[in-house]
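Engineer: Before anything else, here's the structure in question.
Please treat every number below as a calculation from the coordinates, not as lab data. Predicted model, so just to flag it, every value in this text is computed and none were measured. All Cβ positions, glycine included, derive from the backbone under ideal geometry; neighbour counts span all protein chains shown.
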Amino acid sequence: MAKVLVLYYSSYGHIETMANAMAEGARAAGAQVDVKRIPATVPEEIAKGAHFKLGLGAPVATVAELEQYDAIIVGTGTRFGRISSQMAAFLDQAGGLWARGALNGKVGGAFTSSATQHGGQETTLFSIITNLLHFGMTIVGLPYSHQGQMGVSEVVGGAPYGSTTITGGDGSRQPSETELAGARHQGELIAKTATKLFG
């Protein structure tokens, strides 16, 4: 049974919701799945003032445990078209794993969110994927087998590089069922790929 980690940073809860959908898909494929988060780096008073979602349910991840997994799916919100500083700081601590080749050949995937349709989702996905490729990982995106990303009748996230959601400028829009279906589909594909590689 493949071991999958869904690793996320979420300020407002959108990425947390997508992470849980990703985990659902991976579990549906028979994988053992852990969902873990990167903690906020701002003081609690500032987080409250900025209306961050506090009390996220997932346990906090450590860099040392990454090598225990066959697949790692990384999600974080877009920050001006790139990865969030919180996730970047976490991944920057993984130099020791990189030096040992501890993640070589493992399966990786990416997901993100942005306030607007054109808020840098694809560049953020590439930002995550670039990190994973440097670790030697095999990337699984969100192929067009998820037909939901093909429609134009509604505002919807999704890219062949990974699942996405659009939050709205005030964060009021929650991931749609189409976007959650994309996350579940990607999670399932990643788990199936890891199972083929690692049994």
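Engineer: Every residue in the stretch 59-89 that is part of a helix (DSSP H, G or I), surrounded by fewer than 13 Cβ atoms within 10 Å (Cβ to Cβ) and not small (Gly, Ala, Ser), please.
Structural biologist: Of everything in the stretch 59-89, those that are part of a helix (DSSP H, G or I), surrounded by fewer than 13 Cβ atoms within 10 Å (Cβ to Cβ) and not small (Gly, Ala, Ser) turn out to be 65, 68.
Engineer: So for the stretch 113-120 (the condition being polar (S, T, N, Q), touching a helix residue (DSSP H, G or I) at 6+ places or on another chain (Cβ under 8 Å), surrounded by 21 or more Cβ atoms within 10 Å (Cβ to Cβ) and within 19 Å of residue 8 (Cα to Cα)), does at least one residue qualify?
Structural biologist: yes
Engineer: When only residues in the stretch 142-199 that are polar (S, T, N, Q) and part of a helix (DSSP H, G or I) count, which is surrounded by the most Cβ atoms within 10 Å (Cβ to Cβ)?
Structural biologist: 186
Engineer: Here's a follow-up. Of the residues that make up the stretch 115-131, is at least one closer than 18 Å to residue 183 by Cα, outside any helix (DSSP H, G or I), touching a His at 6+ places or on another chain (Cβ under 6 Å) and touching a residue at least 40 places away in the same chain (Cβ under 8 Å)?
Structural biologist: No, the conditions are met nowhere in the stretch 115-131.
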